1. Name the single residue, out of those in region 1-36 being of a type in the set (A, V, I, L, M) and not in a helix (DSSP H, G or I), that is most open to solvent (accessible area, probe 1.4 Å).
2. Just one of (1) over 16 Å from the mean Cα position of the chain (by Cα); (2) in contact (Cβ under 8 Å) with a residue 60 or more places away in the chain trips up Leu174, so point out which.
3. Take region 111-167 and flag every residue that is of a type in the set (Val, Ile, Thr) and surrounded by 16 or more Cβ atoms within 10 Å (Cβ to Cβ).
4. So which residues in region 191-228 are surrounded by fewer than 22 Cβ atoms within 10 Å (Cβ to Cβ) and outside any helix (DSSP H, G or I)?
5. Which condition breaks for Asn232 when tested against (1) open to solvent by 20 Å² or more (accessible area, probe 1.4 Å); (2) more than 14 Å from Leu66 (Cα to Cα); (3) not charged (D, E, K, R)?
6. Anything in region 121-160 that is touching a residue at least 12 places away in the same chain (Cβ under 8 Å) and charged (D, E, K, R)? List them, or say none.
7. Does region 212-234 contain any residue that is of a type in the set (S, T, N, Q) and touching a residue at least 24 places away in the same chain (Cβ under 8 Å)?
8. Return yes when Phe243 is over 20 Å from the mean Cα position of the chain (by Cα) and over 30 Å from Leu41 (Cβ atoms) and no when it is not.
Amino acid sequence: MKKKKILIPLVVFICVIFLWEGCVKLFDISLYILPAPSMILKAIISNFSVLWMHSMVTLKEALIGLFISTLLAIFIAIGMDLSKTFKSSVYPFLIVTQTVPVMVLGPLFSIWLGFGMAPKVLIVIFMCFFPIAISFCDALGQVDLKQINLLKSFGANTFQIYKMVKIPAGAIGLFSGLKVAATYCIGGAIVGEWLSSSAGLGYYMLRVKNGYMLDKVFACVVVIILWSILLNGVVTLIEYILFPHLKKGEKK
């Protein structure tokens, strides 16, 4: 069963690549319209050092933003779980933040914070905070009350209840949000670099796009996808290391 889950998407991916390559060659499609997968691969190999350099800039912005948004989301989620008044005060504003286009806020962040790393990090925080906070808050609210009442009967305080029951039980929600955020964070950094930057994958993508070098644009897209998948995988690995019981529960 597991082999099929890997094999079927792999076969479909290979078929799409071969079909793509064949159509480009058969219809003699120009490079500036649609490059063949072989040309994209050549662009990745020949520009690897440049892509790596810009990747490190983007990755730094994404990881800083993801780390800050995770800390903020954890504290806000626990606060909303502790106090219904706090939740009713904060929750509507969290929803509103997701209705505002990031492309509108980006120029404002650049005006307020300059053209350095800060506006890119803020965009990443803006994109990553919501899924982590909401997923973790919902998971904390679904913890079994019998376990909490049992701890209270033994004289446990609020800190001990969260440490021993709520946070471990809510970890599955926290990491569900983190997996989404880990995928978003690279995209958030890219958006920030489109608006104002002198380095990064977003900056490099704009530069080669303006030169109609679509093989390099697609190469950049492939690198962005790979980084997003890698970060998602790292979060999954951390989840299994810190909370191995979640993995056992999935197997059951």
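The values are calculated or read from the model by the stated rules, or taken from the named source; none is laboratory data. Just so it is clear, the model here is predicted, and its values are computed rather than measured. Reconstructed Cβ throughout: ideal geometry from the backbone, glycine too, with neighbour counts over all protein chains shown. Ligands, DNA and RNA are stripped out before the accessible areas are found, and what is left, the full protein with its side chains, is counted by its heavy atoms. Shrake-Rupley method; radii C 1.70, N 1.55, O 1.52, S 1.80 Å.
1. Looking at residues that are of a type in the set (A, V, I, L, M) and not in a helix (DSSP H, G or I), I get Met1.
2. (1)
3. Val121, Ile123, Val124, Ile125, Ile132, Ile134, Val143, Ile148, Ile161, Val165, Ile167
4. Across region 191-228, the qualifying residues are Ser196, Ser198, Ala199, Gly211, Tyr212, Met213.
5. (2)
6. Asp138, Asp144
7. Yes, the conditions are met somewhere in region 212-234.
8. Values: over 20 Å from the mean Cα position of the chain (by Cα): yes; over 30 Å from Leu41 (Cβ atoms): yes.
Criteria met by Phe243.
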